[in-house]
Structures are given as structure tokens and as C-alpha cells.
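A.B. asks: Got a structure for you, questions after.
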Amino acid sequence: MKKKYSFFSVLKNSLSYHENWKKMWRSPEPRKSYDIIIVGGGGHGLGTAYYLAKEHGLKNIAVIEKGWLGGGNTGRNTTIIRSNYLWDESAHLYEHSLKLWENLSTELNYNIMFSQRGVMNLAHNEHDKKEIKRRVSANKLNGIDSYWVDKNQIKKLVPIMNTDNLRYPVLGASFQPRGGVARHDAVAWSFAMRADEMGVDIIQNCEVKNIKTSKGKVEGVETSKGFIRSNRVGVAASGHTSILAETAGIRLPLQSKPLQALVSEPIKPVINTVVMSNAVHAYVSQSDKGELVIGAGTDGYNSFTQRGGYNIIEDTIRAIIELYPVFGKMKMLRQWGGIVDICPDASPIISKCDVKGLYFNCGWGTGGFKATPGSAHLFAYTIAKDEPHVINAPFNLNRFISGRLVDEHGAAAVAH
Amino acid sequence: MLLINCPYCGERDQSEFSNGGEAHVARPKNPELVSDREWSEYVFIRANPKGIFYERWVHTHGCKKWFNAVRNTSTDEILKIYKLGEEPPTLKDFKNTPKTPSGEPKVGSGNFAVKKL
């Protein structure tokens, strides 16, 4: 790694008022052809390019991004990371990712501010309680640090929570101490920087319009900067993946919906863990700047407006204020929406398809950020070897024909 | 949030309605003769266009009747509402079909329902 960030480099650059830091990555014009093209410059796409270059020794790679790096869902999530999923397949997938998160700052020599402050999933009724206890047991069998915590323990962890005096009282929760949050921009930037160092071309402001195929093989992509040839194309374009797939004649089982989040004015530390509740649909954490980061739900209809409906925010805020009356007078600073691609079984797709050389990494729905390094690592493996890794093999496209679905509607935090 | 013109009750707030996904999806007539792949298409795969989308809505907290709508998913503009059983309008009826795939400003998000082009 060439560009090291260290105490001395900060000191040195402070002498020139931090005006002479080098650009983190080049902005090359696209070449005529590449060995591999990754469509989508978010965390998943950039990470894929990074692992392709680093672990598989492939150099002639381009990442093509419509807007700017990390400007899609990578920069629009609530940065929650956890791996407490119910089924073995998903537990392995998300745990693989969590293990990579734990070492990512060191590996990339870039502080992604991964903070393992724990993630709590609340139970509000007897059914929730049974489901969550079942999930905790399943997690334990898969070696994931998940515990059942009762009301008193919750009170100790989050003293500001109103557990009794509300319509759906808090009965307990699952807690994963290794879960947490990370700085999402830094994830995209650091993967981009390290991939760029290894020769990956990162092309921004270049929209892929069409995936060109012939005789069941990929030939390249038609972009706003002309045709780029490649016989291997990996698509990691989240909400727009199904539209690109259609240009190659493939129909994916995805539906795109806006998912919203909002951020409050910054306050002193009041909540030092991540608290999620599926039943009343409210989840909240506090960023290092002191803002409350609040996740809302998806709209009930397909849409590509990165905005979302107001009623969704209203529902979430109502639940937040009931759970934390102390937040009642806070002001919200920003609100935004990202377009998420949701699979019928709420599990992702990391898979080959009928067209040779075309790969998809999509369907992450409302929970793609936590999987960023794991998904990128496995997608890189799938593209390099032209066969899935044992961890992502269950997440193939064929499962919708065979019926071997990985139904994670319970563990996915946002109700679909 | 949308204002939806229920063909039976008139214009109401979207929170009274539930969305039923893509409209005009026909169940295979002879399920026993259909291959797994075709069955999977019917069960799991739905259109997901950025642009003109034919969809179903039900007035859950109103007359409880189903109806169809044509909506532009890139702006959320409802272009036409029609009752079940009526012929769906053809794509030619709508001029402002966005250019696919994105049809949005070169940089940034596609929120041009606000600043209509």
C-alpha cells in the first residue's frame, strides 16, 4: 500500500493547512476493454474490485458508477452491522462479513470507524419473545454472540428507554455485542483508494445503459461514455439492478422501493448501543457526532424516487417518541431515501445467471450495508472462479425455481 | 405521499390504500402442465420498471374495492386509474415515458416530481 495515513502524515500536512493531501484515487477515462467490469461504485462494487485485485490477482478491472462513489445506498443507510440471522445460510454469510469488518480498518489502513457498540432487537409481545429467543438459540448454534436480555438488563444498557408505559411494552430483547456501526462513506472511499492503487480504473459519472450480449455471452456494456468491451460483467447496482438485467434479457425477482432514514440535531451521548424494533418499526443509534440516526420503513409500492412517503416517517417517529419520550422535542436535520431491491424471500442474490460472464450481486433489500465486505469478498470469488463460494452458493438465482428459499423476513429489520 | 383517486370514492389519502403489486399477471391456465421455471416466473417474478408501471391498489380503509392504476415509478405521478376488467391503456397514451434505464438528471437522484421537467 503506497498511501499510508499516519500520525506523521497528518502532522506534515497540517503544516500546509491540509491543502496538499493527494487525491485518493485517479479519475481515468475508460479504456476500450477490460477483463472485468463492475457496474456500481458503492461499497459492494468497489469492495468486489478490491478483492478481485488483491485475492485473485486480477488487474484489468473497471468499476463504472452512474453518479459519485458511495452516493447510492452506501451513503444512504443507517450503518448498522450485525449477523444475528436465523437460518444457517444467512448466519454464515453475515458472520463472514462481520469477521471481515472486524479487521477492515487495519486491512485497508483507513479508519472506517467500526464501533462494536452492540445491537439490540426488542420484543414487544409474546410472539416476538418466542421468535427472538428462537433466533438467539439458532445464532448460538452458529457460533454467533447473541444473548437474550430481559427488561432490567435493557434498562441498564439503555436507561432512557420507556419499557412499560406504552402501547406495546418492551418484554426483552436479543443483544449482539459484536454488532455495531461504521462510517459508511469511509468504507466506499477506502475500498476505492486501495483498489485504485492496485490498478483498478474507477470511472464516475458514467452511466451503464445497456448490457450487450450475444449468443448467451456477455460482450460488454454500453455507457454514456461509449461502448466498453468485457467478457465478464458483475452488476452491483442495488435498486437499478433489475433494469440493467432486463437489457440482457434476464428477469430478476426484485422489486425496488424507497427506504428512508433521518438524522436529528447533534446532542450529548444518550444512547451507546443500536436499538432496533421490528414490531413497532423504529430503530435508532447515535452517531459519533451526536446525531440520532433513525431508520424508517419502505414505502408500500414500487418507486425509484429517492425520497419516500411522509407517512412512513410519521409512523417511525411516533414509535421512537413512545419508546424514548426524552427525544420528544428534538429537531430532525435531514431526511433521505435510497432505492432498495427486495427479493421475495428477503435474502440476497450473489449468483451467476443464464448469460455466460454475467454475474449479479443484488436483492440486499433493506440490509445491504452490514454485508458490504462479505458480499464483495464472495462476489469477487464468484466472478474470478466462475463458480460460487460455498457461503454464497445457497444465494443463487436458481432457488426461486427449486424452491430452496432462505426466508429471512423475521431477521431482516425492516418489514417488507 | 400520494393522493389516489379511487374510482368508487374519489380522491383520498394514500394511507387509506394498500398496493397490490403488478397488475394483469395471469395465473397459468393449466398449472399441472407448467414447468418449474414458468411457475417460478408466475410466483416470484414481477415487472420492476423505472417508468410506466401497471399496478393494483385496494381501498383498504374505504370501499375495500380493488382497481388498477398506471404510475410513473420515477416520479410517482399517477397517470391513469381504471376499474378491474377495463382494458389497460396502451403505453402510447403516455408521452412522458422516462428514458430507461434511468432518465434522471446526470448526477444525483431522480426527485423531479418536485422540480418537474
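Every number in this text was worked out from the coordinates using simple rules, so none of it is lab data. Nothing here was measured: the structure is a model prediction, and the numbers come from that model. Using ideal geometry, Cβ is built from the backbone for each residue, glycine included, and neighbour counts are taken over all protein chains shown.
A.B. asks: With +1 assigned to the C-beta of every Lys and Arg and -1 to the C-beta of every Asp and Glu, and no other charges, what is the dipole magnitude of the stretch A:64-122 about the Cα centre in debye, to the nearest 20?
C.D. replies: 280 debye
A.B. asks: Ok, one more. For the pairs A:LYS133/A:LYS268; A:LYS32/A:LYS212; A:LYS217/A:LYS352; A:LYS209/A:LYS257, note any where the Cα-Cα span goes beyond 23 Å.
C.D. replies: A:LYS133/A:LYS268
A.B. asks: Could you name the aspartates and glutamates whose alpha carbon sits less than 18 Å from that of A:LYS156, not counting residues in the same chain fewer than 8 places away?
C.D. replies: A:LYS156 reaches A:ASP164.
A.B. asks: Go through A:HIS92, A:VAL158, A:ILE203 and say which Cα lies farthest out towards the positive end of the charge dipole of the protein assembly as shown; charges sit on Cβ, +1 for Lys and Arg, -1 for Asp and Glu.
C.D. replies: Highest projection toward the positive end goes to A:ILE203.
A.B. asks: Follow-up. What nm value, rounded to one decimal, do you get for the distance between B:SER18 and A:PHE7 when each label is placed 7 Å out toward the C-beta?
C.D. replies: With each label point 7 Å from Cα toward Cβ, the separation is 6.1 nm.
A.B. asks: Another question, then. Place a point 7 Å from the Cα of A:ASN272 along the Cα-to-Cβ direction; which residues of the stretch A:109-145 have their backbone N under 15 Å from it?
C.D. replies: From the stretch A:109-145, the list is A:115-119.
A.B. asks: How shielded is B:37-45 by partner chains, expressed as the average number of their Cβ atoms within 10 Å of its Cβ atoms?
C.D. replies: 5
A.B. asks: With +1 on each Lys and Arg Cβ and -1 on each Asp and Glu Cβ, and nothing else charged, work out how big the dipole of chain A is about its Cα centre, in Debye to the nearest 20.
C.D. replies: Charge dipole of chain A: 720 debye, to the nearest 20.
A.B. asks: Compute, for the stretch B:3-94, the length of the dipole vector about the Cα centre, with Cβ point charges of +1 (Lys, Arg) and -1 (Asp, Glu) only. Units Debye, rounded to 20.
C.D. replies: The calculation lands at about 120 debye.
A.B. asks: Would you mind telling me the antiparallel percentage of the DSSP bridges in the protein assembly as shown, rounded to 5?
C.D. replies: In the protein assembly as shown, DSSP labels about 80 percent of beta bridges as antiparallel.
A.B. asks: Rg to Rh ratio, the stretch B:3-94, alpha-carbon atoms and Kirkwood radius?
C.D. replies: 1.02
A.B. asks: I want to check a number: in the stretch B:3-94, how many lysine pairs have alpha carbons closer than 26 Å, given a sequence separation of 8 or more or different chains?
C.D. replies: Lysine pairs meeting both conditions in the stretch B:3-94 amount to 11.
A.B. asks: Would you mind getting me the FRET efficiency between A:MET330 and A:LYS217? Use the beta-carbon distance for r and R0 = 51 Å, nearest 0.05.
C.D. replies: 0.40
A.B. asks: P(r) of the stretch A:1-156 in 10 Å steps, Cα pairs, percent per bin?
C.D. replies: 8, 25, 29, 21, 12, 4, 0
A.B. asks: Sequence gap at least 6, Cα distance under 8 Å: using those rules, report the relative contact order of chain A to the nearest whole percent.
C.D. replies: 22 percent
A.B. asks: Here is a follow-up. I need the semi-axes of the equivalent ellipsoid of the protein assembly as shown: take the C-alpha gyration tensor, multiply each eigenvalue by 5, square-root it, list largest first in whole angstrom.
C.D. replies: 33, 32, 24
A.B. asks: Let me ask another. Among B:LEU84, A:LEU52, B:TRP39, which residue has its Cα positioned farthest towards the positive end of the charge dipole of the protein assembly as shown, with +1 placed on the Cβ of Lys and Arg, -1 on the Cβ of Asp and Glu, and the dipole taken about the Cα centre?
C.D. replies: A:LEU52
A.B. asks: Count neighbours as other Cβ atoms within 10 Å of each site's Cβ, and list the chymotrypsin sites (Phe, Trp or Tyr not before Pro) in the stretch A:13-113 that are DSSP loop with at most 15 such neighbours.
C.D. replies: A:TYR17, A:TRP21, A:TRP68
A.B. asks: Other chains near A:239-249: what is the mean number of their Cβ atoms within 10 Å of each residue's Cβ?
C.D. replies: Across the residues of A:239-249, the mean count of other-chain Cβ atoms within 10 Å is 3.
A.B. asks: Quick one: go through the stretch A:8-43 and flag any residue whose amide nitrogen is under 17 Å from the point 7 Å out along the Cα-to-Cβ line of A:ASN109.
C.D. replies: Residues passing the 17 Å test: A:8-13, A:21-26.
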